[in-house]
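Asks: Take a look at the following structure, please.
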Amino acid sequence: MSSDPAPPPAGHGNGPAVSRAEFDALFASVRAWGRWPAGAADRGAWNGVGPEHVRRAAALVRSGTAVPLGRPWDTRPAPDNPRPALHYMSDLGDVEAAEPSAYKDFLGADYHGKAVTHLDALSHMAYRGQLYDGRAAREAVGAGGARFGAVGALGPLVTRGVLLDLPAVLGADWLEPDRAVHARDVTRAERALGVTVSDGDAVLLRTGRFRRRGACGPWDPAEASAGWHVDAVPLLAGRRVALLGCDGDSDVRPSPVEGVHSPVHTLAITAMGVPLLDNLDLEALSAACGEAGRYAFLLVVTPLNVPGGTGSPVNPVAVL
């Protein structure tokens, strides 16, 4: 595999362009502030996922096939991994009593980026100085971490997952970087895949990023990546989804919104209270869903319980 960046072809598919005024109107239209009691607000949309959603998801398990969705812990520098994760041995069996010998290692990651599979909690993103539910970001997040919207407030996330496998729908190996996914793509995918997004769902968007990376080499997804256009967000908000995930970071890049570099992050996390899963490896799930002929499954996400954390590395599991 080449280590040279593989930029997308000339021409952009990330439009149409959206003005800041249009974006602010969209933000207001999907904003779900004040929906939950103050003590529960930092769970956002997950307040709407109850035991009935878990039972519905568990009823989808037929073959018992478990598919991990996390990427390998990536310690290698690359255009899409400028701050590699850390892994080193801290005990090689030579610093303790002779028997039994112990082997230990250290893990560390600056995980909010384009390489580590992770969950974004509600404290991760502010817009115009405010977190979800209108909390002042400077008061809620400081050097000691988040006092509102921390990842520990979410707990384990268990619900029905839906894979929107756009390359499979389009008969392509992958979506080219900078290709926007629109509301019309959602309805087309639902028809083609025989699934309908509904309340409490975790919607996982496959663009084929890691299949393309394997074939063409890494590139900088901060400059160009396939993902949601903001025009798809009202549809997702109307379906009352609880979680969005992608093999990118959900946003199409370059951003189509003037002055807002991560508009889908902003709408989902800050306006709607919906956490995000970034950098999922959805290739094995695509194959498993295609073989099973169904694109809905039990999804289990167990973030680390980090007090004050703005997110967590994760290795979600889909069970078919």
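The values are calculated or read from the model by the stated rules, or taken from the named source; none is laboratory data. These numbers were taken from a predicted model, which means no experiment stands behind them. Neighbour counts run over all protein chains shown; Cβ positions are idealised from the backbone, glycine included. Note: areas computed on protein heavy atoms with side chains; ligands, DNA, RNA excluded. Shrake-Rupley method; radii C 1.70, N 1.55, O 1.52, S 1.80 Å.
Asks: Would you pull out the residues with amide H under 5 Å of Arg179's amide H, same chain only if 5 or more places away, H placed 1.01 Å from N?
Replies: Ala226, Gly227
Asks: Please compute the modelled spin-label separation between Ala192 and Asn47, points set 7 Å along Cα→Cβ, answer in nm with one decimal.
Replies: Between Asn47 and Ala192, the label points sit 3.7 nm apart.
Asks: Would you mind calculating the relative contact order of region 6-154 from Cα pairs under 8 angstrom and at least 6 residues apart, reporting the percent as a whole number?
Replies: Relative contact order, region 6-154: 21 percent.
Asks: Can you compute the label reach from Arg83? Point 7 Å from Cα along the Cβ direction, backbone N cut-off under 17 Å, restricted to region 103-126.
Replies: The answer is 107-121, 123-126, whose backbone nitrogens lie closer than 17 Å to the label point.
Asks: Same structure, new question: About its Cα centre, what dipole magnitude does region 179-278 give when the only charges are +1 on Lys and Arg Cβ and -1 on Asp and Glu Cβ, stated in debye to the nearest 20?
Replies: 400
Asks: In whole percent, how big is the carbon plus sulfur part of the accessible area of region 29-125, probe 1.4 Å, protein atoms only?
Replies: Carbon and sulfur atoms account for 56 percent of the accessible area of region 29-125.
Asks: Calculate the dipole size of the chain relative to its Cα centre from +1 charges on Lys and Arg beta carbons and -1 charges on Asp and Glu beta carbons; express the result in debye to the nearest 20.
Replies: 1000
Asks: Can you give me the Cα centroid spacing of region 286-310 and region 159-198 in angstrom?
Replies: About 16 Å separates the Cα centre of region 286-310 from the one of region 159-198.
Asks: A further question follows. Can you compute 3J(HN,Hα) from phi for each residue in region 157-173, using the Karplus curve 6.51 cos²θ - 1.76 cosθ + 1.60 with θ = phi - 60°, rounded to whole Hz and x for Gly and Pro?
Replies: My calculation for region 157-173 gives 10, 10, 6, 7, x, 10, 9, 9, 8, 5, x, 5, 5, 8, x, 10, 6 Hz in order.
Asks: May I pose another question? To the nearest 20 Debye, how big is the dipole of region 109-162 about its Cα centre, given +1 on the beta carbon of each Lys and Arg and -1 on that of each Asp and Glu?
Replies: Charge dipole of region 109-162: 100 debye, to the nearest 20.
Asks: Which whole-number percent is the relative contact order of region 244-320 (Cα, under 8 Å, 6+ apart)?
Replies: 25
Asks: Could you give the distance between the Cα centres of region 209-230 and region 67-107, to the whole Å?
Replies: Taking the Cα centre of region 67-107 as reference, the centre of region 209-230 is 26 Å away.
Asks: Select from Pro218, Leu175, Asn81 the residue farthest towards the positive end of the dipole of the chain; place +1 on Cβ of Lys and Arg, -1 on Cβ of Asp and Glu, and compute about the Cα centre.
Replies: Among Pro218, Leu175, Asn81, the one farthest towards the positive end of the dipole of the chain is Leu175.
Asks: Just one of (1) 158; (2) 141; (3) 131 is volume of the Cα convex hull per residue in Å³ as worked out from the coordinates here. Which one is it?
Replies: Calculated volume of the Cα convex hull per residue in Å³: the matching label is (1).
Asks: Taking the chain as a Gaussian network, where each spring joins two C-alpha atoms under 10 Å apart, which residue of Gly245, Gly144, Gly161 fluctuates the most?
Replies: Per the Cα network of the chain with a 10 Å cutoff, Gly144 tops the list.
Asks: What does the accessible area per residue of region 1-125 come to in Å², with a 1.4 Å probe and no ligands, DNA or RNA counted?
Replies: Computed with neighbouring chains in place, this is 58 Å² per residue.
Asks: Moving on. Place +1 on the Cβ of every Lys and Arg and -1 on the Cβ of every Asp and Glu in the chain, take the dipole about the Cα centre, and give the residue among Trp33, Leu205, Ala288 whose Cα lies farthest towards its positive end.
Replies: Value: Trp33.
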